[in-house]
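Working notes, beginning with the structure itself.
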Amino acid sequence: MFRLPLLLLCLLPARPAAAVEYLVNNIIGEDVRPKSSLGGGNQQRPFRTIQAAIDRARPGDRVFVEKTAEPYREELSLFRCGGAATLTIASDGAVLDGTVVGAPGAWRHVEGDVFAIRPRRLTYQQLFLDGAPLKRVPLTSIASAEAVLEPNQWALVGGRLLLRVEKGRLPHDLTLRHAGLQTGITLYNVRNVVIEGLVIQGFQQDAVNAHDLVSDCVLRNVELRANGRSGLSVGGSSNVAAEACYAYDNGRVQVRAEGYAKLRLAGCEVIASKVAGKQSAASTALIEESPAER
């Protein structure tokens, strides 16, 4: 069932003043009343979180997320937002990451080099090692895990996430993270928003979910990878365009549309999941692709 994260209220009318750019940096930023980069006066530090900058922005403004050595570990939500001018959320490759670390002692030995954990969210999952997604293998029985899984491969079976480690290693020796936050960016009743240049990974449901009533919204040069269900989900009566985006290794499908939704893909690369039997796109609505998409 869809659960809407903390909502962003953008109900104020667009300012007649010049557009403002808000910077975000999760290393040096702070969310306590930082000034915009173009607002004049004594410039203060950027925002620490993307959501705080979005909360301050209005139609016509630009939120720029600086790429740092640390992923941005937060869920973003835009609700009843937009106007005649475009609100832009841009980056030069910053990573928005939905993974979490298992609790101490959560990994339990199964047999041989196979260990298991029970994540809080099990419907869809992803497993990361050192910030990179590991290969998932279809498995129907825990008993076959030792024979089927290669080192650093994982499976989801019997209510547990199974991992085969390299010989002589233990899960607590490794930097393992699994999908924990639900959705990277949720859009609902949003108009005239552009999202560009982000890498969105490791969310339990979708990297981006245009839930309903989304129009004139564009994803541009966004990398949607290794999320539990899909890279991009468009629902209700939403109308979304994705341009030069890259969707791959998402758990169930790469892009999906349902209801009366419309999704237009232009210059995108959509690669089927490594898990056997999974489709690259799913739709009960309309997905339009340029001829060279696949």
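Beta bridges per DSSP, both residues in the stretch 106-261: antiparallel share near 40 percent. So for the stretch 162-241, taking the charge dipole from beta-carbon charges (+1 Lys/Arg, -1 Asp/Glu), which of Val218, Val208, Asn192 sits furthest toward the positive end? About the Cα centre, the residue reaching furthest to the positive side is Val208. Ranked by the mean number of other Cβ atoms within 10 Å per residue, highest first, peptides 200-206, 52-58, 126-132 order as 200-206, 52-58, 126-132. Figure legend: label point modelled 7 angstrom from the Cα of Thr123 along Cα→Cβ; residues of the stretch 217-235 with amide N under 15 Å from it are 228-231, 233-235.
Carbon-plus-sulfur accessible fraction, the stretch 50-168 (probe radius 1.4 Å, protein heavy atoms only): 48%. For the stretch 36-129, rounded, prolate or oblate, judged on the Cα gyration tensor with a ≥ b ≥ c (square roots of eigenvalues), a/c < 1.5 rounded, else prolate if a/b > b/c? Prolate. Only beta bridges with both residues in the stretch 81-194 are counted; by DSSP, about 75 percent of them are antiparallel. Once you have a ≥ b ≥ c as the square roots of the Cα gyration tensor eigenvalues for the stretch 125-223, tell me rounded if a/c is under 1.5, and otherwise prolate or oblate according to whether a/b is larger than b/c. Prolate shape, in that a/c is at least 1.5 and a/b is the bigger ratio.
The values are calculated or read from the model by the stated rules, or taken from the named source; none is laboratory data. Remember, it's a predicted structure, so these values are computed and weren't measured experimentally. Ideal geometry is used to build each Cβ from the backbone, glycine not excepted, and the neighbour counts take in all protein chains shown. Accessible surface is based on the protein model in full, side chains and every heavy atom, while ligands, DNA and RNA are left aside. Shrake-Rupley method; radii C 1.70, N 1.55, O 1.52, S 1.80 Å.
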